[in-house]
Amino acid sequence: MTFKEYQEKAIITQKPFPTLKDKVVNCLLGISGETGEVMELFKKHWRDDKELDMENLTKEVGDILWYMAVLTYELGINFDDVAERNIAKLKARHGDKFSGVGDRSGAGK
């Protein structure tokens, strides 16, 4: 699935709001709230020295993705373009400094 396809599927589940401003504010508040939930998972992982709850983390990150997809849709931005431009920006900023393959050796620990 492309980001654009995801965006088209996500927008179908957007609650109707009367104005663009309302739609944008809902998305921004949602992004903030879901980000807080991700932070809470990491806090519990750090504070309690327990395994990171990857199942819930995946769900919460998915909720952030949904809000971002809906926000960009409402603002007339193609989500694929967002991803492509971000990678181009990172390449311009970092060049060949990074391999493009993340080190996951500590993931979930």
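The values are calculated or read from the model by the stated rules, or taken from the named source; none is laboratory data. All values reported here derive from a predicted model rather than from experimental measurement. Please note: Cβ atoms are built from the backbone with ideal geometry, for glycine as well, and neighbour counts cover all protein chains shown. Ligands, DNA and RNA are stripped out before the accessible areas are found, and what is left, the full protein with its side chains, is counted by its heavy atoms. Shrake-Rupley method; radii C 1.70, N 1.55, O 1.52, S 1.80 Å.
Here are some notes:
- Taken over the range 7-27, the residue count meeting the criterion of being assigned to a loop (DSSP other than H, G, I, E, B) and open to solvent by 50 Å² or more (accessible area, probe 1.4 Å) is 7.
Per-residue answers, yes or no, for (1) modelled with pLDDT under 95; (2) closer than 17 Å to TRP66 by Cβ:
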| position | (1), (2) |
| --- | --- |
| ALA10 | no, yes |
| LYS15 | yes, yes |
| LYS21 | no, no |
| CYS27 | no, yes |
| ILE31 | no, yes |
| GLU34 | no, yes |
| PHE42 | no, no |
| TRP46 | no, no |
| ASP49 | yes, no |
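- Of residues in the range 44-59 being of a type in the set (D, E, K, R) and loosely packed, with under 12 Cβ neighbours inside 10 Å, the one nearest to LYS15 (Cα to Cα): GLU55
- Selection from the range 40-96 of residues that are within 30 Å of PHE17 (Cα to Cα), hydrophobic (A, V, I, L, M, F, W, C) and in a loop (DSSP other than H, G, I, E, B): LEU75, ILE77
- Within the range 41-63, residues that are over 21 Å from CYS27 (Cβ atoms) and touching a residue at least 60 places away in the same chain (Cβ under 8 Å) reach no partner that is exposed (fewer than 10 other Cβ atoms within 10 Å of the Cβ) and basic (Lys, Arg) with beta carbons closer than 6 Å at six or more positions or on different chains.
- Selected residue [of a type in the set (Gly, Ala, Ser), open to solvent by 60 Å² or more (accessible area, probe 1.4 Å) and either under 26 Å from THR2 (Cβ atoms) or in contact with a helix residue (DSSP H, G or I) (Cβ under 6 Å, 6 or more places away or on another chain) (or both)] from GLY62, GLY76, GLY30: GLY76
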